[in-house]
Amino acid sequence: MFNTSKAPFDSLTARRAVASALNRDEMRSVVFLDQMTMASGPFAPGVTGYLEDTGFPAYDPDEAAALAEQYERETGSPLEFAITSSNSASTLQITGFIQDQMAQAGIEVTLDPIEQAQQISTALGDKWQVQYWRNHPGGDPDTQYYWWYGGSPVNFGKFKDPEIDALLDEGRSMPEQSARSKVYQDVNRLFAERLYNVWTNWSNWTIGTSTEVGGVLGPDLPDGSAPFPGLATGHPVAGIWMQQ
């Protein structure tokens, strides 16, 4: 997640350089041991607005190096930044990998690990440049409204994008799901184009239960369809039953 309110990531050139410098296929293999699906945007498969190809930049170290040089020409300063993250061993492995990847494109990165409890208060301020951050769970994309709307205190990346604001307003006013899907696909494409975030992976979530327990994801919906399987915000308990 970029802090777009200050240098260097108030510059799209800088954001594109970082996106192009990260080999996410290698990240999946080396860091995640092929256990994660790498993300193309904020909406995972099954979520309204999901696109298999959002237009997110492909790994291109030569392009990344050229963009880093372009940024220095545009600003007079080299492209360098700090990554703020939790200080857990697993997170430091991830940010260390990103640091190495950036170095290959001539981008200097320092690591700024902090206690996880400090991350939200840090993100609310503006004294950070990049945070390794988990957010934007599945379900209806309207749940992301306040995370992304310009001027919202929990728009931690501090971007103000009138086109995204207009689409978010439009999406929550539409009753037809097919029309809403097109709106949120456009949101997805804008994130890939303007790079307010560099997406790494969608998280895997599981619930362990006894074989006698059913209905963990909730009861069927009123139209008879199955409930949404995403678990990032927890799961309902209204439909749980136990065989006796």
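The values are calculated or read from the model by the stated rules, or taken from the named source; none is laboratory data. From a predicted model like this one, the values you see are computed outputs, not experimental measurements. In this analysis, Cβ positions are derived from the backbone assuming ideal geometry, glycine residues included, and neighbour counts consider all displayed protein chains.
The residue that is modelled with the lowest pLDDT, counting only those in region 191-209 that are under 30 Å from residue 162 (Cα atoms) and part of a loop (DSSP other than H, G, I, E, B), is 203. Residue-level check: of (1) within 30 Å of residue 142 (Cβ to Cβ); (2) out of contact with any strand residue (DSSP E or B) (no Cβ under 7 Å at 6 or more places or on another chain), residue 15 misses just (2). The numbered conditions (1) out of contact with any His (no Cβ under 7 Å at 6 or more places or on another chain); (2) modelled with pLDDT under 85; (3) closer than 30 Å to residue 30 by Cα are all true for residue 235 except (3).
Is it the case that some residue within region 210-220 is surrounded by 15 or more Cβ atoms within 10 Å (Cβ to Cβ) and either in contact with a helix residue (DSSP H, G or I) (Cβ under 6 Å, 6 or more places away or on another chain) or part of a helix (DSSP H, G or I) (or both)? Checked region 210-220: no residue is surrounded by 15 or more Cβ atoms within 10 Å (Cβ to Cβ) and either in contact with a helix residue (DSSP H, G or I) (Cβ under 6 Å, 6 or more places away or on another chain) or part of a helix (DSSP H, G or I) (or both).
Pick from 165, 186, 169: which is under 21 Å from residue 19 (Cα atoms) and at pLDDT 95 or above? Only one candidate qualifies: 186. Of everything in region 64-106, what is buried (at least 18 other Cβ atoms within 10 Å of the Cβ), part of a helix (DSSP H, G or I) and not hydrophobic (A, V, I, L, M, F, W, C)? Give them in sequence order. Once the filter is applied, which keeps residues that are buried (at least 18 other Cβ atoms within 10 Å of the Cβ), part of a helix (DSSP H, G or I) and not hydrophobic (A, V, I, L, M, F, W, C), region 64-106 yields 71, 95, 101. Restricting to region 146-173, name every residue that is in contact (Cβ under 8 Å) with a residue 40 or more places away in the chain and charged (D, E, K, R). Hit for region 146-173 is 158, nothing else.
Could you say which residue among 176, 193 is acidic (Asp, Glu) and touching a residue at least 24 places away in the same chain (Cβ under 8 Å)? Sole residue among the options that is acidic (Asp, Glu) and touching a residue at least 24 places away in the same chain (Cβ under 8 Å): 193.
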